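Here the structure comes first, spelled out in structure tokens, and everything after it is commentary.
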Amino acid sequence: MIFSKAGFGGAVADFEAAVVAQDAKRSGKAFIRLQETFGRAKETELFAGGPRLAAVLEQVPPSPRAVVAVLVGACVERGADAERCAPGVLAGLRAALEGAVAFGEAWAATGGGAFPVPDDGEPGEEIVERTGFEAAVGWWTLSQWEMAAVALLNHRAVRAGLDGAAAVRAGLDERAAGARLDERAAGARLDDATVRGQADSGRGELLRLLTAVAQASGQELRCLSYALQVLDDEPLVVLHRPSATGYLLRLSGIGDNFQLHTLLADALIGGGHVAGRAPSPQEVAVCRETPGQVETAGSFELVAPDGDRLWNEGTPADIPVVDGVRLLVLDEPSYARSWPAGRFFPGMRGDLILERALEPGETERWFARVSPAGELTG
């Protein structure tokens with residue numbers, strides 16, 4: 001596409017050319033224009049501009065690089081191709097996390113103390129002297145990289161590409177045939193830890209770095225952590241203890257267990273399989289893809305196979321894997337609880353599909369893998 005000289009499109013073209021030519025003065029001017037013109041950008045400029053900016057991110061100087069990444073994420077939120085933008089942004093995220101880890105190590109080695117709180121400017125001279133420039137910039141810009149990365153991770157194709165899930169999808173799909181679930185689960189499926197370990201640049205490595213940053217700084221980047229833990233096309237065995245029944249479901253794009261809770265109540269109670277309070281159509285819709293929030297109430301107690309409570313504030317990735325499949329127990333709620341139903345990630349479509357009720361023999365075998373009902377722990 002040929003950009004006009006004016007507007008966001010022209011700023012993208014100028015910035016791209018200046019960065020490639022390593023013309024600091026020209027790229028600085030174009031960088032300012034990018035920010036000034038973005039709000040008035042046309043749809044076509046955003047569609048083309050996002051991938052072009054992402055492609056040159058690695059060549060942008062460290063300090064403004066994160067701001068350009070945020071602009072890329074904003075382009076994606078307004079329709080730019082997330083898959084084309086992903087490599088540049090996710091590579092930058094990893095570099096920032098590595099820098100933040102190095103910052104924590106250097107900070108501890110030079111006296112420690114409370115981590116400095118990044119401001120809108122660059123890290124000060126004293127901080128750079130203690131940790132080095134790249135490490136300081138990694139910590140200083142990490143929240144911006146979080147913003148940019150989450151915009152891309154809203155898209156299922158980006159999440160799949162991040163950890164090479166497509167490479168094992170054929171093995172997962174084999175289980176969709178009519179074989180018994182426990183036979184399919186044994187050896188037919190690689191769990192998330194295995195999938196994530198297949199590529200150093202996958203989400204498992206990003207989560208490892210993020211955990212190291214959180215341990216050093218005491219600050220959790222919750223949105224990024226949750227986005228990196230989102231599961232797609234993930235089988236889930238659910239045992240409803242009060243009715244002694246079991247179900248096979250499949251979840252995708254669910255950001256937290258509040259969202260999962262509502263969709264479980266819709267599938268099982270709304271579907272007429274178990275007794276209880278079914279959420280309204282509006283409550284369900286906002287947990288799938290309708291914007292907004294609607295007040296809802298809890299229908300279950302979410303319990304791990306070992307009896308630990310699984311909190312609504314957690315994520316579906318917290319549900320333990322048993323014999324290759326995530327296994328969740330539903331008990332009667334121990335107390336009344338309400339919350340605004342909706343999506344943790346408003347830009348991410350969530351879904352939970354009930355594939356089938358388990359046969360009595362299957363259900364009995366799965367119940368044999370869980371602790372008896374008792375006082376909740378955790």
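Whether a residue is among the charged types (D, E, K, R) and in a strand (DSSP E or B) was assessed, and Glu355 passes this test.
Does Ala336 satisfy being open to solvent by 70 Å² or more (accessible area, probe 1.4 Å), out of contact with any His (no Cβ under 7 Å at 6 or more places or on another chain), among the aliphatic types (A, V, I, L, M) and more than 24 Å from Leu228 (Cβ to Cβ)? In short, yes. Restricting the range 358-378 to residues that are in a loop (DSSP other than H, G, I, E, B) and open to solvent by less than 50 Å² (accessible area, probe 1.4 Å) leaves a set whose member that is farthest from Pro291 (Cα to Cα) is Ser371.
Just one of the numbered conditions (1) free of Cβ contacts under 8 Å to residues at least 12 places away in the same chain; (2) under 21 Å from the mean Cα position of the chain (by Cα) is not true of Ala74: (1). Annotation: of all residues in the range 256-300 being buried (at least 20 other Cβ atoms within 10 Å of the Cβ) and of a type in the set (Asp, Glu), the one that is farthest from Ala151 (Cα to Cα) is Asp266. Among the residues making up the range 86-109, those that are among the small types (Gly, Ala, Ser), farther than 17 Å from Val128 by Cα and touching a Leu at 6+ places or on another chain (Cβ under 7 Å) are Ala86, Gly88, Gly92. Looking at the structure I just gave you, is Arg343 assigned to a strand (DSSP E or B), under 24 Å from Asp233 (Cα atoms), of a type outside the set (A, V, I, L, M) and within 24 Å of the chain's Cα centre (by Cα)? Judged against the criteria, Arg343 is not a match. Taking first residues from the range 258-271 that are outside any helix (DSSP H, G or I) and partners that are surrounded by fewer than 21 Cβ atoms within 10 Å (Cβ to Cβ), the Cβ contacts under 8 Å between residues at least 6 apart in sequence or on separate chains come to Gly271/Leu354. When the residues of the range 316-331 are filtered to those that are within 20 Å of Thr296 (Cβ to Cβ) and in contact with a helix residue (DSSP H, G or I) (Cβ under 6 Å, 6 or more places away or on another chain), the one that is surrounded by the most Cβ atoms within 10 Å (Cβ to Cβ) is Pro316.
Tallying residues that are assigned to a loop (DSSP other than H, G, I, E, B), hydroxyl-bearing (Ser, Thr, Tyr) and touching a residue at least 24 places away in the same chain (Cβ under 8 Å) within the range 285-318 yields 2.
Counting only helices (runs of 4 or more DSSP H) wholly contained in the range 103-173, the ones carrying 3 or more residues that are modelled with pLDDT under 95, open to solvent by 20 Å² or more (accessible area, probe 1.4 Å) and small (Gly, Ala, Ser) occupy 165-173.
What do you reckon, is Gly253 touching a Gly at 6+ places or on another chain (Cβ under 8 Å) and open to solvent by 20 Å² or more (accessible area, probe 1.4 Å)? Here the answer is no, as Gly253 does not meet what is asked. Candidates are the residues of the range 212-242 that are part of a loop (DSSP other than H, G, I, E, B) and of a type outside the set (A, V, I, L, M); the one that is farthest from Leu268 (Cα to Cα) is Gly218.
The values are calculated or read from the model by the stated rules, or taken from the named source; none is laboratory data. Bear in mind that the values here come from a model prediction, so they are computed numbers and not experimental data. FYI the Cβ positions are ideal-geometry reconstructions off the backbone, even for glycines, and counts take in every protein chain you see. The protein model used for the area step is the full one, side chains on, heavy atoms only, and it has no ligands, DNA or RNA in it. Shrake-Rupley method; radii C 1.70, N 1.55, O 1.52, S 1.80 Å.
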